[in-house]
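S.K.: The structure follows.
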Amino acid sequence: MSSLHNVLLLGGSGRIAQLLTPLLLQRSWNVTSIIHNPAQVANLQKLGEGHAGKLNVLVRSLEDVSSDAQAKSLIEEVKADYVVWSAGAGGKGGPERTFKIDRDAACHFIRASVATPSVTKFIMISFLGSRLAKPAWWTEEVWQEDVDTTRKSLQQYYEAKVAADQVLYEESKKRKGDFAGIGLRPGFLNLEPAGKVTLGKTPTAKGGASRASVAHLTALLLDNPDVKSSWLDMLDGDDDPEAAVKKCVAEGVDCAEGEPFY
């Protein structure tokens, strides 16, 4: 039986978050799921049925979180020790809303989590192309293709996510050994069932990533007592998820390598 944990799940109505919620509740952990649409409360509450852990659904607007203090207040209200960011504007509301949620609110929750001693893990669901510099394990062709496609089609989203990823990396280092800030960075999300994965330094930026596998890996990373602050890139692949997580943690894999702040 896992130790009791209180998980703050930001963006609880998203597909990954809905897949993740029962995985956390099965571990006898308590989950507070933050959503913005009150019409979704009843359906989300059904995710808590039949599990040992308790699910609490709160309606709050992440778009209105404009300070670290506001974020910290919510973290303390739910007594969170794990925080998962699976929120995003989803392209709705234009660039201003994307920056308010995917960059600004995310950064407020990152800094607030680092500043809250009870919080020991923060997982950011990012995306594989969120990089400022070419990693050594990508060819120039792979890098240029990513720049020419991902960034041109998702420019505001890219700018917001890469800024939040950098803040997560830099802020996490301030807490040293008692805090893990993990950027889980999947490729193009799909609706395939959970399966085998490639985790760590992927040879390409192209490829799919099952949302169910992202949820599974998130739960495994939260469950792993030895995980350290790092970026972990992922695609659908050939490796068992449990073995892939153990291998990356044991080897200290960090895909932030090559970034100017690494």
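S.K.: Using 30 Å as the Cα-Cα cut-off, could you pick out the over-long pairs in Lys173/Lys247; Lys174/Lys201; Lys46/Lys176? Working shown, then result.
M.R.: Working: Lys173/Lys247 22 Å; Lys174/Lys201 25 Å; Lys46/Lys176 38 Å.
Where the Cα-Cα span goes over 30 Å, the pairs concerned are Lys46/Lys176.
S.K.: With the dipole of the stretch 6-251 worked out from charges on the C-beta (+1 for Lys and Arg, -1 for Asp and Glu) around the Cα centre, which of Ser213, Ser73, Ile35 lies farthest toward the positive end?
M.R.: Ser73
S.K.: While we're looking at this one, here's another question. With Kirkwood's inverse mean 1/r over C-alpha pairs for Rh, give me the Rg to Rh ratio of the stretch 6-251, two decimals please.
M.R.: Working: Rg = 16.9 Å, Rh = 18.0 Å.
On the Cα set of the stretch 6-251, Rg over Rh gives 0.94.
S.K.: Counting other beta carbons within 10 Å of each residue's own, what order do Ser73, Ser126, Ser3 fall into, fewest first?
M.R.: On the way: Ser73 12, Ser126 25, Ser3 9.
Ranked by crowding around the Cβ, least crowded first: Ser3, Ser73, Ser126.
S.K.: With charges set only on the Cβ (+1 for Lys and Arg, -1 for Asp and Glu), what does the dipole of the stretch 61-106 come to about its Cα centre, in debye to the nearest 20?
M.R.: Its charge dipole is roughly 160 debye.
S.K.: Ok, one more. Using a Gaussian network model of the chain whose springs link C-alpha atoms within less than 10 Å, name the residue from Val245, Val59, Val227 with the highest mean-square fluctuation.
M.R.: Val59
S.K.: If we count every other residue with Cβ under 9 angstrom of Arg103's Cβ, Lys/Arg +1 and Asp/Glu -1, where does the sum land? Before the final figure, lay out the partial values.
M.R.: On the way: positive: Lys100, Lys161; negative: Asp102, Asp104, Glu159.
Net of charged neighbours comes to -1.
S.K.: Let me ask something else. Can you work out the base-10 log of I(q)/I(0) for the stretch 1-43 at q = 0.19, 0.28, 0.32 1/Å, using the Debye formula on its C-alpha atoms alone?
M.R.: -0.55, -1.00, -1.17
S.K.: Arrange the following residues from fewest to most other Cβ atoms within 10 Å of their Cβ: Leu23, Leu189. Walk me through the numbers on the way to the answer.
M.R.: Working: Leu23 20, Leu189 16.
Ranked by crowding around the Cβ, least crowded first: Leu189, Leu23.
S.K.: Got a sec? Charge dipole of the chain, +1 on Cβ for Lys and Arg, -1 for Asp and Glu; which of Ser126, Phe179, Tyr262 is way out at the positive end?
M.R.: Looking along the dipole axis, the top candidate is Phe179.
S.K.: What does the net charge come to around Thr198 if you take all other residues with beta carbon closer than 13 Å to its beta carbon, with K and R at +1 and D and E at -1? If you can, show how the numbers build up before the last one.
M.R.: Details: positive: Arg185, Lys196, Lys201, Lys206, Lys247; negative: Asp233, Asp236, Asp238, Asp239, Asp240.
For residues surrounding Thr198, the net value is 0.
S.K.: Using only the Cα atoms of the stretch 109-262, build the gyration tensor, take square roots of its eigenvalues as a ≥ b ≥ c, and label the shape rounded, prolate or oblate: rounded if a/c is under 1.5, else prolate if a/b is larger than b/c, else oblate.
M.R.: Details: a/c = 1.63, a/b = 1.18, b/c = 1.38.
Oblate, since a/c reaches 1.5 and b/c is not below a/b.
S.K.: Here's a follow-up. Expressed as an acute angle from 0 to 90° and rounded to the nearest 10, what is the orientation of the C-alpha long axis of helix 68-77 relative to the principal long axis of the chain?
M.R.: The answer is roughly 50 degrees.
S.K.: What does the charge dipole of the chain about its Cα centre add up to, to the nearest 20 debye, if the Cβ of each Lys and Arg holds +1 and the Cβ of each Asp and Glu holds -1?
M.R.: Working: 30 positive and 33 negative charges, 116 e Å.
So the dipole magnitude of the chain works out to roughly 560 debye.
S.K.: Which listed residue (Thr150, Tyr82, Leu47) has the Cα farthest towards the positive end of the charge dipole for the chain, taking +1 on Lys and Arg C-beta and -1 on Asp and Glu C-beta about the Cα centre?
M.R.: Projecting each Cα onto the dipole axis, the largest value belongs to Leu47.
S.K.: Moving to a separate point now. Provide the percentage of antiparallel DSSP beta bridges, counting only those with both residues in the chain; round to the nearest 5.
M.R.: Numbers: 5 of 36 bridges.
Here the antiparallel bridges make up roughly 15 percent for the chain.
S.K.: Find the Rg to Rh ratio for the stretch 96-195, where Rh is the Kirkwood radius over alpha-carbon pairs and Rg uses the same atoms.
M.R.: Working: Rg = 14.9 Å, Rh = 14.8 Å.
Here the Rg-to-Rh quotient is 1.01.
S.K.: Excluding Ala250 itself, what net charge comes from residues whose Cβ is under 12 Å from its Cβ, given Lys and Arg +1 and Asp and Glu -1?
M.R.: Details: positive: Lys228, Lys246, Lys247; negative: Asp226, Glu251.
Combined, the nearby Lys, Arg, Asp and Glu give +1.
S.K.: Let me ask something additional. To make sure I understand the rule: partners must be lysines, Cα under 21 Å from the Cα of Lys206, and not fewer than 8 residues away in the same chain. Which ones qualify?
M.R.: Excluding near neighbours in sequence, the set is Lys134, Lys152, Lys161, Lys196.
S.K.: Given +1 on the Cβ of Lys and Arg, -1 on the Cβ of Asp and Glu, and no further charges, what dipole in debye does the stretch 93-148 carry about its Cα centre, rounded to the nearest 20?
M.R.: That gives a dipole near 500 debye.
Only the coordinates and a few stated rules stand behind these numbers; no lab work does. Since this is a predicted model, take the numbers as computed values, not measurements. Positions of Cβ are generated from backbone atoms using ideal geometry, with glycine treated the same way; all protein chains shown enter the neighbour counts.
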